[in-house]
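Okay, structure first, notes after.
Computed from the coordinates by the stated procedures, all read-outs in this text should not be read as laboratory data. Treat the numbers as computed from the prediction; the structure is a model and nothing was measured. Ideal geometry is used to build each Cβ from the backbone, glycine not excepted, and the neighbour counts take in all protein chains shown.
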Amino acid sequence: MARQPEAVTQLHREVGAALAAYLDASPLTQGDLARVTSYHRSSISHIQAGRQFPERDFWEKAERLLERMVRW
């Protein structure tokens, strides 16, 4: 498998860190997000760490859920 450019890897980490911050600011757990997005809880952990980057559908579901739960 071809290795991703470091810039792409860094962006995945940054997006994952943003997801982690939103999740931390909400009353939800990784398991809650997993159930709503149809991903496994360990996948949520990998996404937050930037090791996995899911499809658009995941982000749309996560955004809908988190924007209702987080008030910055």
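Considering only DSSP states other than H, G, I, E and B, which trypsin sites (Lys or Arg not before Pro) in the chain qualify as loop sites with at most 12 other Cβ atoms within 10 Å?
Hits after loop and neighbour filter: R3, R71.
Could you state the principal axis extents of the C-alpha atoms in the chain, from the largest down, to the nearest angstrom?
That works out to 37, 25, 18 Å along the principal axes.
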